[in-house]
1. Largest first, how would B:Phe103, B:Phe150, B:Phe54, B:Phe70 line up by accessible area (1.4 Å probe)?
2. Could you state the angle between the C-alpha long axis of helix B:105-128 and the longest principal axis of the C-alpha atoms of chain B, as a value from 0 to 90 degrees rounded to the nearest 10?
3. Between B:Val62 and B:Leu29, what is the spin-label point distance in nm, taking each point 7 Å from the Cα along the Cα→C-beta axis?
4. Convert 25 °C to kelvin, take the viscosity as 0.890 mPa s, use the Kirkwood radius over C-alpha pairs of the protein assembly as shown as Rh, and evaluate the Stokes-Einstein diffusion coefficient in µm²/s, rounded to a whole number.
5. To the nearest 0.05, how large is the calculated FRET efficiency for B:Leu157 and A:Asp67 if R₀ is 51 Å and r is the Cβ-Cβ distance?
6. First obtain the Kirkwood hydrodynamic radius of segment B:70-156 from its Cα pairs, then insert it into the Stokes-Einstein equation at 20 °C and 1.002 mPa s, and state the resulting D in µm² per second as a whole number.
7. Using every Cα-Cα pair within segment A:34-116, state what percent have a distance larger than 22 Å.
8. 7 Å from Cα along Cα→Cβ at both B:Thr8 and A:Tyr28: what's the point-to-point distance in nm?
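The values are calculated or read from the model by the stated rules, or taken from the named source; none is laboratory data. Fair warning: this is a prediction, and the values are worked out from it, not measured in the lab. In this analysis, Cβ positions are derived from the backbone assuming ideal geometry, glycine residues included, and neighbour counts consider all displayed protein chains. Just the protein is used for accessible areas: all its heavy atoms, side chains included, with ligands, DNA and RNA removed. Shrake-Rupley method; radii C 1.70, N 1.55, O 1.52, S 1.80 Å.
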Amino acid sequence: MKQLKFGDMIMIALILLAAISLFIYYQYTNSTSSAEQVIIEVDGEVIKTFDLPQNELVQYKVQIDEDDYNLVEIVGNRVRLKEATCPDQVCVKEGWISKAGEALICLPHKLVVKISGELVEDDGVDVKSF
Amino acid sequence: MSRYTRVTYIGVMVALALVLQLLEGIMPLPYIAPGVKLGLANIISLIALIYFGFKSALLVVVIRTFMAAFLSGRVYSFFYSGAGALLSVLIMGLVYWKFRKYFSIQGISILGAVAHNIAQISVASLLIDTVSVFSYLPILMVSGIITGYFIGLTVNLLRRVLDPMLLDKFLKPKFSK
């Protein structure tokens with residue numbers, strides 16, 4: 001009863017295989033990128049993009065509603081969420097991202113900050129920035 | 001086992017699971033990636049499944065998720081952690097019921113943990129309308145294997161204590177030794 005059984009081994013192997021193939025898939029699809037951009041999305045809509053690298057420090061405040069915001073900070077090739085008013089602070093704890101395909105996600109604010117290789121056009125949605 | 005005994009035990013298990021879940025929330029654990037956690041409450045789900053059957057386990061999980069959402073005040077987390085908990089207990093129940101011969105408790109616990117993570121990521125991607133959250137899935141799957149294994153070990157240790165306490169009194173053995 002204490003030892004791992006045959007089914008366990010197969011299952012663990014399958015999960016590991018799936019995890020590794022997914023990981024390789026993400027690595028592969030991201031390595032083909034050329035021009036990198038930071039894309040800031042709220043609720044699935046692109047609200048702002050920045051080209052990478054940025055030579056100067058950029059701070060961009062995404063206003064979610066009256067009281068809530070996320071402060072995006074871009075230095076060189078790296079992006080982080082410096083401050084946020086979300087309860088769990090998961091997005092702030094994540095720290096810096098710098099590779100294409102990486103993303104900072106703030107679930108309570110439905111905010112996604114991702115680095116992309118493809119060119120995505122700023123679709124001119126009304127940007128509430130400070 | 002009478003109805004009242006069962007209701008009492010479900011209540012006790014919900015309380016235990018809630019305490020474990022909230023305790024885990026305030027424990028200072030190293031931060032690896034969003035969604036990586038121990039899943040201590042799964043200990044109780046497994047105990048409920050083993051000693052009280054699938055229906056009780058489902059009840060414990062549903063009540064626990066509801067109450068945890070209200071107690072922690074994070075109602076948005078209710079959707080994705082609820083979906084994770086639900087899928088996890090459904091899969092663990094199915095495997096425990098049908099394929100117990102081929103899996104150990106650790107294996108069932110791992111399956112539950114990985115199912116939890118997959119459901120959670122899927123709901124999160126629906127909620128914020130993006131597929132980029134799926135890039136966390138590989139690390140979540142690996143962490144699910146590790147934490148699931150240790151949660152399973154813990155359940156096995158608990159069974160040494162619980163077997164003589166619970167089995168003789170009111171419960172029919174629901175598993176083969």
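1. I get B:Phe70, B:Phe150, B:Phe54, B:Phe103, largest accessible area first.
2. Taking the Cα atoms of chain B, the angle to B:105-128 is about 40 degrees.
3. Between B:Val62 and B:Leu29, the label points sit 2.7 nm apart.
4. D, rounded to a whole number, is 117 µm²/s.
5. Taking R0 as 51 Å, the efficiency between B:Leu157 and A:Asp67 is 0.65.
6. Calculated translational D: 158 µm²/s.
7. 14 percent
8. Placing both labels 7 Å beyond Cα along the Cβ direction yields 5.9 nm.
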